[in-house]
Amino acid sequence: VILDWVPAHFPKDEHGLYKFDGDYLYEYKDSEKREIESWGTHKFDFGKTEVQSFLISNAVFWLDVYHADGLRVDAVSSMLYLDYDKKEGEWTPNIYGGNENLEAIAFLKKLNEAIFKNYHNTMMIAEESTAWPMVTKPTYLGGLGFNFKWNMGWMNDMIEYMETDPFFRKYKHKNITFSLHYAFSENYILPLSHDEVVHGKRSMLNKMPGPYEEKFANVRVLLGYMMAHPGKKLNFMGYEIGQFTEWDFNNQIEWFMTDYEYHRKLNTYIKELNEFYLKYSQLWEVDYSWNGFKWISNDDFEQNIIAFKRINKNGDELIAVVNFSPTERHDYLIGADEGIYTEVFNSNDEEFGGTGTGNKDRLISSLGSVHGYTSFLSLIVPPLSIIFIKKENKYNINKKGGRIYEIG
């Protein structure tokens, strides 16, 4: 259970903390710091020790009494910057002449130190949307002390890309590759959360272009790429059955949708995808270092295809090939080490609502220079799909392409 916890600001409701004793008690007295006008809320006065105690005690309460697994700390950016939501002349620099809110920075460090002192395995997740450095580094190294950061850049890029008609996706190819420029700068969580399916933004399934069947295929390839991409994963309720309606806190999830074929098969897909993720440590063991990821091909924008490796601590590799186009590709070449390979997962399986095409037989590498490798694989790449390929360790291969058997 991860709670959306909001220590940044509060509404100006008379029954709440607003002017609690008739004056500005929990909020800043300084009008330049107090108001977030676009939200119509007041910011906590992070310089007051009483306010710090109130907020930290509240966080501890949720962890101690209700045993929450983590807190997703909302709107951290609004806490960090004095000029957040401010025009020129509406804010005053700090004592060093910068726009950093030194009181809020000190509070966040104090908060995380208090939490991890008593609740070592808690997830403290910063919803921070800027390039503020060292959000997930320990406080003794100068960081804010969180152990995860919400990857809003990946989320926004991917949703924009997936909402685009596949014919035009080649013009937004950077949306699916740019995140790797910064993927290892913080301990990121890849979120597809409640924020993406409210206020007229449409449900995840309903965001997808194309006819009925392709909408489901688009969701499958999105979630498959999410699982293959470095970083931890977070999905919001309703995605697993393909709701067409937005999330509504007044109503329950539309579980009856699983009575319909494609919704039931999407639910099966997500179950199997989760099991596959847990089974293959390549997908999660080295999430925050280039040691766990290697591009094979990231520039085939014309066909909307990328290929890469995920690698575990033992050096075992898993190849992912992702096709964001509704066109199936035959004899698609990717560079690979010499050997014999097997397709171990395919989001296009009929069981998941796909067409069933893929690589049923073993794949034997051929000699030739592709993507910087001296050998390559020739693949069937199904439409709007992700496939995972693994090298068979039990077979070696000689220079002529034949197997070498060890007898003993």
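Throughout, read-outs are computed from the coordinates displayed, never taken from laboratory work. From a predicted model like this one, the values you see are computed outputs, not experimental measurements. Cβ atoms come from the backbone with ideal geometry, glycine included; neighbour counts cover every protein chain shown.
For Met134 and Asn314 in the same chain, what is the full-extension length gain: residue separation times 0.36 nm, less their Cα-Cα distance, in nm?
Working: separation 180, 0.36 × 180 = 64.80 nm, distance 2.81 nm.
So the chain would gain 62.0 nm between Met134 and Asn314.
What does DSSP give for the chain in terms of the percent of beta bridges that are antiparallel, rounded to the nearest 5?
Working: 41 of 57 bridges.
Taking every DSSP beta bridge with both residues in the chain, the antiparallel ones total about 70 percent.
Cα to Cα, under 20 Å, and not fewer than 8 places away if on the same chain: which lysines meet these conditions relative to Lys87?
Lys87 reaches Lys29, Lys33, Lys43.
Cut-off under 13 Å on the C-alpha distance; same-chain residues fewer than 8 positions from Lys215 excluded. Which aspartates and glutamates are left, in chain and number order?
Glu163, Asp165
Over segment 2-150, what is the percentage of antiparallel beta bridges among all DSSP beta bridges, to the nearest 5?
Numbers: 7 of 17 bridges.
Among the beta bridges of segment 2-150, antiparallel pairing accounts for roughly 40 percent.
Distance in nm between label sites at Asn393 and Thr258, each 7 Å beyond Cα in the beta-carbon direction?
So the two model labels end up 3.5 nm from each other.
What is the extension gain from His199 to Ser185, computed as 0.36 nm multiplied by their sequence separation minus the C-alpha to C-alpha distance, in nm to one decimal? Before the final figure, lay out the partial values.
Values: separation 14, 0.36 × 14 = 5.04 nm, distance 3.15 nm.
This chain segment gains 1.9 nm when fully extended.
So for the pair Phe20, Leu278, with labels modelled 7 Å out along Cα→Cβ, what separation do we get in nm?
Modelled inter-label distance: 4.3 nm.
Computed from these coordinates, which is Cα extents along the principal axes in Å: (i) 95, 50, 44; (ii) 83, 47, 44; (iii) 103, 63, 51?
(ii)
Before rounding to the nearest 500, sum -39500 (n - 2.57) across all DSSP H runs of length at least 4 in the chain and divide by the residue total; then give [θ] at 222 nm in deg cm²/dmol.
Numbers: 8 runs with 94 residues, N = 408.
Value at 222 nm, helices only: -7000 deg cm²/dmol.
How far apart, in nanometres, would the label points at Thr164 and Glu50 be if each is projected 7 angstrom from Cα along the Cα-to-Cβ direction?
A separation of 5.3 nm, rounded to one decimal place.
Which length gain, in nm to one decimal place, applies between Asp299 and Glu32 when the Cα-Cα distance is subtracted from 0.36 nm times their residue separation? If you can, show how the numbers build up before the last one.
Values: separation 267, 0.36 × 267 = 96.12 nm, distance 4.71 nm.
Computed gain between Asp299 and Glu32 is 91.4 nm.
How about Lys149: which lysines have a C-alpha closer than 19 Å to its C-alpha, ignoring those fewer than 8 places off in the same chain?
Correct list for Lys149: Lys109, Lys110, Lys137, Lys232, Lys233.
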